[in-house]
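Below you'll find the structure, written out as structure tokens, and then a few comments.
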Amino acid sequence: MDLPVTTLDESERKLLEIRCDDCGATLTLPAHRFAAICPYCASPSVVDRPAGEDSARRARPEFILGFVIDRKEAARRVQAFIGRSRLFAPTAVKHAKVSAVEGLYLPAWLYGSVAESQYQARIGENYTTTETYTTTDSKGNTTTRTRTVVKTEWRELSGTHATYVLDVLVTASQGLGNAELETIEPFDLRALRRYDAAVVSGWIAEEATLERDEGHRLARSEATSFVEGRIERFLPGDSSTLQSFRTTFSNEDTDLILLPIWVFAARYGTDGKTLRILINGQTGEIQGKLPRSPLKIAVGVLLLLAGLAVAAILAMTVLGVAL
Ligand SMILES: [Zn+2]
């Protein structure tokens, strides 16, 4: 009798898709890990449906970076992060359950190209010269003296510059913007490997909801700033100003990859403000904006003013005694 081939548990293989109406994230998760709130923004406005309706149409990841930081370590870091920001954080945040931290694979576009630029610049060369000047000495006599001064001579320079643009990373997620992703970069992309569905199995993965065209546009703009910096450093002279440059990109590659992220999201207050802390699942870099309690800030300002008033009274008392 043939033994049955070992496969993943049926519930492991069945995927569910949820879409968050608040932040726009579309997440794929194992059916047994059904989430009633969005792991990104803690919104309860999630709609679930069987996976596969739109996912066939979406881009498939080409590479993936695995997790290095585990859930326990991620929760410990969230706890420490909140602890450090304790002073002004609202009480509700300080008592948040850090074990609610969620690991997920974030889709991102990885871009590379060859950049060739034509530039126009002004180059400054320093030279020293001796100047004579007249001055009045202590006896009121006018005397002539000399001094050495540094001057700059400017000239125009135009030319071409070529460079590789490697590893520009931009978000492919509507739930998590590019500026926020940048706060926990860099990732060590040498650890990238070919995408394999087995690596993602059991984890929440976000679908790429930011299309390739949009990712390409974002990456091009990051690449352009990178090129600008390269040309500026390349310019000769004691000082220089890059006046204009035009870049042509060729051999462009835009690949969809998945990045490991731990997210801690919570809602607080009567108006449901969102708190979100992100951890780079590979390096452990943690960033987040903690809300500040207006009441606690007001109390802090009052204490500071009171301290200044006391100092002023003390100073006046001391001066008064002296006078
Ligand atoms: Zn959301």
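Values quoted throughout were computed directly from the atomic coordinates according to the rules given, and no laboratory measurement underlies them. Please read these numbers as outputs of a predicted model, since none were measured by experiment. Neighbour counts are summed over all protein chains in view; Cβ atoms, including those assigned to glycine, are modelled from backbone coordinates with ideal geometry.
So in region 160-305, what percent of DSSP beta bridges are antiparallel if you round to the nearest 5?
100 percent
Given labels modelled 7 Å from the Cα in the Cβ direction, how far is it in nm from residue 193 to residue 62?
1.9 nm
Classify region 159-312 as rounded, prolate or oblate from the Cα gyration tensor: take a ≥ b ≥ c as the square roots of its eigenvalues, call it rounded if a/c is under 1.5, otherwise prolate when a/b beats b/c and oblate if not.
Oblate, since a/c reaches 1.5 and b/c is not below a/b.
So for each of 237-248, 59-70, 256-267, 172-183 I average, over its residues, the number of other beta carbons within 10 Å; can you give me the resulting order with the highest mean first?
Descending mean neighbour count gives 256-267, 172-183, 59-70, 237-248.
What's the FRET efficiency of residue 31 with residue 317 using the Cβ-Cβ distance as r and R₀ = 56 Å, to the nearest 0.05?
Between residue 31 and residue 317 the formula returns 0.15.
First select every other residue whose beta carbon is under 11 angstrom from the beta carbon of residue 41; then total the charges, Lys and Arg +1, Asp and Glu -1.
That sum, taken over residues with Cβ under 11 Å, equals +1.
For a footprinting-style exposure proxy, rank 81, 187 by other Cβ within 10 Å, fewest first.
81, 187
Please work out, to two decimal places, the log10 of the ratio I(q)/I(0) at q = 0.18, 0.23 Å⁻¹ from a Debye calculation in which every Cα of region 118-158 carries one identical scatterer.
-0.64, -0.78
Using 0.36 nm times the number of residues separating residue 137 and residue 309, minus their current alpha carbon distance, what extension gain do you get?
My answer for the length gained is 57.0 nm.
Can you work out the FRET efficiency for the pair residue 149 and residue 241, with r the C-beta to C-beta distance and R0 = 30 Å, to the nearest 0.05?
Rounded to the nearest 0.05, the efficiency is 0.90.
Summing +1 for each Lys or Arg and -1 for each Asp or Glu, what net charge is found among the other residues whose Cβ lies under 14 Å from the Cβ of residue 124?
Combined, the nearby Lys, Arg, Asp and Glu give -2.
Under a plain spin-label model, where a point goes 7 Å from the Cα along Cα-to-Cβ, how far apart in nm are residue 201 and residue 179?
Each label point lies 7 Å from its Cα, and together they span 4.1 nm.
Could you give the length gained by full extension between residue 228 and residue 76, i.e. 0.36 nm per residue of separation minus their alpha carbon distance, to one decimal place?
50.7 nm
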